[in-house]
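> Got a structure here, written out as structure tokens. Questions coming.
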Amino acid sequence: TGDVAYDPGFMNTANTKSAITYIDGDEGILRYRGYPIEQLAEHSTYLEVAYLLINGELPTTGQLDNFVSSVERRTLLDERFKQLFDGFPRNAHPMRVMQAGVSALSTFYQDSLDPFDEDQVRLSTYRLLAKIPTMAAYARRVSQGHALMYPDNRLSLIENFLRLTFGFPVEDYIADPIVVEAMEKLLILHADHEQNCSASAVRLVGSAQADLFTSISAGIGALSGPAHGGANAAVMEMLDGIRASGTDPRQFMEKVKNKEKGVRLMGFGHRVYKNYDPRAKIVKKIADDVLERLGVHDERLELAMQLEEIALKDDYFIERKLYPNVDFYTGLIYKAIGFPTDMFTVLFAIGRTPGWIAQWDEMIHDPETKIGRPRQVYIGHTERTYQPMSART
Ligand code: CMC
């Protein structure tokens with residue numbers, strides 16, 4: 001391979017030093033800025049974790065109040081966004097609509113595009129944290145043909161998002177505190193995961209000194225893939241598929257093990273976690289709790305548990321160190337709350353926004369940052385001479 005290291009998928013190549021998130025894949029450890037994910041999920045709120053990831057320290061009361069109000073008063077979108085959203089076909093996937101919307105932020109908010117101006121970056125940070133949930137709700141509503149509602153900034157960011165998604169103008173929608181609490185925890189669990197595919201996309205685009213909005217929209221694109229954030233929807237489709245076809249769970253697992261048509265047990269396996277995914281443990285608890293408290297009985301939960309039980313005892317999964325990841329049970333919670341499957345990855349994107357911002361910010365301030373530009377191992381033709389059309393066969 002000449003003078004370059006050949007490392008498909010960057011399995012062994014660190015592209016950056018980072019002080020944001022620590023993962024020990026063998027021990028199943030995940031920490032944001034040194035704080036264990038279990039403690040943050042238990043005690044913190046989504047915006048407090050966003051502050052922690054972006055600023056490096058937990059906020060004081062005054063710092064948090066200021067941060068929260070700076071975000072919560074920016075949930076409104078420019079009125080012209082309505083035309084943008086109206087222009088998409090009704091069956092457009094909400095993740096794509098949201099990506100287009102975030103990309104368009106750089107055309108509406110041109111006063112916060114300079115990556116090297118601290119004040120502008122702070123402003124675009126507030127805007128992203130505030131407006132991405134609004135866009136997520138709008139992406140859902142346009143697909144339903146429902147009128148868009150204006151945010152009500154007396155509500156918290158999450159209450160507002162739930163109201164914008166599920167409320168109707170004629171009703172006073174009040175979010176169920178059980179749902180708000182579950183959403184806080186789920187967003188925290190998704191908030192960062194070091195150099196995953198979408199964070200790397202954000203850093204790569206940002207390394208060319210593209211603005212923060214544009215860089216984040218690249219991250220949303222990466223996250224939409226089924227091998228990454230799209231897995232939470234793929235899990236639900238898998239569970240629905242097994243039930244619809246009447247396939248026995250054991251039979252399905254045989255297909256997975258025989259790699260029939262490349263079928264995988266979605267929500268299982270991880271590039272880094274080879275023991276267990278600590279997020280999955282917390283998610284399973286939330287799923288049990290929320291379904292019970294909301295009084296939802298979903299047979300897919302039992303099916304998922306059956307699949308997990310089979311997998312954990314099976315040599316195929318044991319040898320390959322495949323365990324449930326964060327996506328295995330999240331969909332069941334989202335369903336219980338009332339989200340359709342195509343919104344699952346959008347929810348992941350809302351949660352991951354602080355992580356993307358923190359990663360981008362670290363990259364911009366790092367004096368060792370260089371434009372991301374991998375090398376290659378060329379395997380094509382050596383020099384050839386151009387042939388006129390008449391000489392080609
Ligand atoms: N079901 C069945 N077999 C699997 C699975 C699975 N879910 N995951 C990996 N394998 C097998 C794979 O076929 C390979 O087998 P062999 O050694 O015989 O070729 C071996 O395990 C190693 O897999 P890999 O694809 O080389 O591992 P990777 O690190 O490149 O992939 C992964 C990691 C997450 C893409 C993969 O495990 C996967 O496709 N899982 C299902 C999709 C999923 O749940 N993704 C969400 C990831 S967590 C949330 C996020 O960060 O976005």
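> Can you spot a residue in region 277-292 that is more than 25 Å from H43 (Cα to Cα) and not in a helix (DSSP H, G or I)? Full working, then the answer.
Looking only at region 277-292, we keep the residues that are more than 25 Å from H43 (Cα to Cα), and these are none.
The answer is no; no qualifying residue exists.
> For region 215-262, enumerate the residues that are of a type in the set (K, R) and part of a loop (DSSP other than H, G, I, E, B). Lay out the reasoning, then the answer.
Kept after step one, since they are of a type in the set (K, R), are these residues of region 215-262: 243, 250, 255, 257, 259, 261.
Passing the criteria: only K259.
> Are any of the residues in region 77-93 on the phi < 0 side of the Ramachandran plot, among the aromatic types (F, W, Y) and without any contact (Cβ under 8 Å) to a residue 24 or more places away in the chain? Write out each step before concluding.
Start the filter on region 77-93 by keeping residues that are on the phi < 0 side of the Ramachandran plot, which leaves 77-93.
Going one step further and asking which of them are among the aromatic types (F, W, Y), we end up with 81, 85, 88.
Add one more test, that the residue is without any contact (Cβ under 8 Å) to a residue 24 or more places away in the chain, and what stays is none.
Checking region 77-93: not a single residue is on the phi < 0 side of the Ramachandran plot, among the aromatic types (F, W, Y) and without any contact (Cβ under 8 Å) to a residue 24 or more places away in the chain.
> Could you please find all residues in region 59-86 being more than 15 Å from F108 (Cβ to Cβ), part of a loop (DSSP other than H, G, I, E, B) and under 26 Å from the mean Cα position of the chain (by Cα)?
Filtering region 59-86 down to residues more than 15 Å from F108 (Cβ to Cβ) leaves 59-73, 86.
Remaining after also requiring part of a loop (DSSP other than H, G, I, E, B): 59-60, 73.
Listed by number, the residues that qualify are P59, R73.
> Mind checking whether some residue in region 177-185 is within 16 Å of the ligand (Cβ to nearest atom), assigned by TED's automatic domain parsing to the domain that holds E42 and within 14 Å of the chain's Cα centre (by Cα)? Before the answer, list the steps.
Taking region 177-185 first, the residues within 16 Å of the ligand (Cβ to nearest atom) are none.
Among the residues of region 177-185, not one is within 16 Å of the ligand (Cβ to nearest atom), assigned by TED's automatic domain parsing to the domain that holds E42 and within 14 Å of the chain's Cα centre (by Cα), which makes the answer no.
> Continuing with this model, one more query. For region 268-275, does any single residue satisfy the condition of being on the phi > 0 side of the Ramachandran plot and outside the structural domain of Q195 (by TED's automatic domain parsing)?
Going residue by residue through region 268-275, those that are on the phi > 0 side of the Ramachandran plot are 269.
Now restrict to residues that are outside the structural domain of Q195 (by TED's automatic domain parsing): 269.
Yes, region 268-275 contains at least one residue that is on the phi > 0 side of the Ramachandran plot and outside the structural domain of Q195 (by TED's automatic domain parsing).
> Of all residues in region 6-40, which are within 16 Å of the ligand (Cβ to nearest atom), outside any loop (DSSP other than H, G, I, E, B) and crowded, with 17+ Cβ neighbours inside 10 Å?
Matches in region 6-40: T21, I23, L30, Y32, I37.
Conditions tested, residue by residue: (1) surrounded by 16 or more Cβ atoms within 10 Å (Cβ to Cβ); (2) within 13 Å of the ligand (Cβ to nearest atom).
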| position | (1), (2) |
| --- | --- |
| N275 | no, no |
| I318 | no, yes |
| L322 | yes, yes |
| I333 | yes, no |
| I350 | yes, no |
| W360 | yes, no |
| M363 | yes, no |
| I371 | no, no |
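> Now for a separate question. In region 186-214, what count of residues is obtained for those that are within 16 Å of the ligand (Cβ to nearest atom), in contact (Cβ under 8 Å) with a residue 24 or more places away in the chain and either part of a helix (DSSP H, G or I) or of a type outside the set (D, E) (or both)? First the steps, then the outcome.
Of region 186-214, the ones within 16 Å of the ligand (Cβ to nearest atom) are 186-203.
Restricting the remaining residues to those that are in contact (Cβ under 8 Å) with a residue 24 or more places away in the chain gives 186-200, 202-203.
Next cut, either part of a helix (DSSP H, G or I) or of a type outside the set (D, E) (or both) only: 186-191, 193, 195-200, 202-203.
The total comes to 15.
> Further, regarding this structure: I need a count of the residues in region 223-239 that are more than 8 Å from the ligand (Cβ to nearest atom) and hydrophobic (A, V, I, L, M, F, W, C).
Within region 223-239, residues that are more than 8 Å from the ligand (Cβ to nearest atom) and hydrophobic (A, V, I, L, M, F, W, C) number 4.
> Would you check which residues across region 67-101 are more than 11 Å from T134 (Cβ to Cβ) and in contact with a Pro (Cβ under 8 Å, 6 or more places away or on another chain) and list them?
F67
> Which is more than 15 Å from the ligand (Cβ to nearest atom) and within 20 Å of the chain's Cα centre (by Cα), of I282, I286? Spell out the reasoning first.
Values: I282 fails: more than 15 Å from the ligand (Cβ to nearest atom).
Only one candidate qualifies: I286.
> Do you know which residues across region 144-174 are in a helix (DSSP H, G or I) and more than 22 Å from E79 (Cβ to Cβ)? Write out each step before concluding.
As a first pass, look at region 144-174 and keep what is in a helix (DSSP H, G or I): 144, 157-166.
If the condition is that a residue be in a helix (DSSP H, G or I) and more than 22 Å from E79 (Cβ to Cβ), then I158, E159, L162, F166 are the ones that fit.
The values are calculated or read from the model by the stated rules, or taken from the named source; none is laboratory data. Nothing here was measured: the structure is a model prediction, and the numbers come from that model. Cβ coordinates were reconstructed from backbone atoms using ideal geometry, including for glycine residues, and neighbour counts include every protein chain displayed.
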